[in-house]
Amino acid sequence: MRGARITVRCDCGAIEYVPYGERWECGGCRRRWNTGQIPADEYWGIMRDMRMLRIRVIATALTIMVPVAVLAVFLGPRLLLLLPVVLSFWFLFYMPRWRRQVRERARNLRRWQLHPE
C-alpha cells in the first residue's frame with residue numbers, strides 16, 4: 001500500500017513532498033532529508049485512520065443507494081421525485097460535515113521534526 005506524501009520544509013525555505021521512507025536532497029542548500037526518521041507505526045496509523053474515513057463515506061453512500069436501487073425496481077419513475085431530496089441531503093448536509101471532519105483530523109496530525117543527514 002502506498003502512503004501519502006510528507007511535506008518536508010528545508011531550513012533554506014524549500015518545500016518538497018516526499019513519499020514515506022525516501023530521501024530528498026534540497027536543490028538550494030544540498031541538505032538531505034530522510035522521511036524514514038518518522039516512526040512507521042505512527043505514519044501507517046495515520047494512513048489507516050484516513051483510509052477508514054474514506055471507507056466510511058463509501059459505506060454510507062452504499063447504504064443510501066442500495067435501498068434506492070431496490071425501490072427503483074418497484075416504484076419506477078416515481079422514485080425520481082425522491083432523488084433530489086436524497087442528493088440534497090448528501091451534498092448539502094453529509095459531505096460538508098464529512099469534509100470538515102477530515103480537514104480537522106488532518107490539521108491536528110502530529111508534526112515531526114526531521115534532522116538533515
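The values are calculated or read from the model by the stated rules, or taken from the named source; none is laboratory data. Only a predicted model underlies this, so the values are computations on that prediction, with no experimental measurement involved. Quick reminder, even Gly has a Cβ in these numbers, built from the backbone with ideal geometry, and neighbours come from all protein chains shown. Surface accessibility is based on the protein's heavy atoms, side chains included, excluding ligands, DNA and RNA. Shrake-Rupley method; radii C 1.70, N 1.55, O 1.52, S 1.80 Å.
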Checklist outcome for this item: Pairs returned, first residue in segment 54-81 that is over 18 Å from Arg99 (Cα atoms), second residue that is of a type in the set (Ser, Thr, Tyr) and in a helix (DSSP H, G or I), beta-carbon separation under 9 angstrom, 6 or more apart or interchain, are Ile64/Tyr94
Next on the checklist: Considering only residues that are among the hydroxyl-bearing types (Ser, Thr, Tyr) and farther than 28 Å from Val86 by Cβ, which ones fall in segment 28-68?
Outcome noted: Thr35, Tyr43
Next on the checklist: Against the definition (touching a Ser or Thr at 6+ places or on another chain (Cβ under 9 Å) and open to solvent by 80 Å² or more (accessible area, probe 1.4 Å)), how does Tyr17 come out, yes or no?
Outcome noted: yes
Next on the checklist: With the requirement that a residue be touching a Phe, Trp or Tyr at 6+ places or on another chain (Cβ under 8 Å) and open to solvent by less than 40 Å² (accessible area, probe 1.4 Å), what does segment 1-14 give you?
Outcome noted: Gly3, Ile6, Val8, Cys10
Checklist entry - Residues Leu114, Leu71, Leu53: which one is in contact with a helix residue (DSSP H, G or I) (Cβ under 7 Å, 6 or more places away or on another chain) and either among the charged types (D, E, K, R) or not in a helix (DSSP H, G or I) (or both)? => result Leu114
Checklist entry - Are any residues in segment 70-91 surrounded by fewer than 10 Cβ atoms within 10 Å (Cβ to Cβ) and among the aliphatic types (A, V, I, L, M), and if so, which ones? => result Val73, Leu81, Val85
Checklist entry - Mind checking whether some residue in segment 93-111 is without any contact (Cβ under 8 Å) to a residue 40 or more places away in the chain, polar (S, T, N, Q) and more than 30 Å from Ala14 (Cβ to Cβ)? => result no
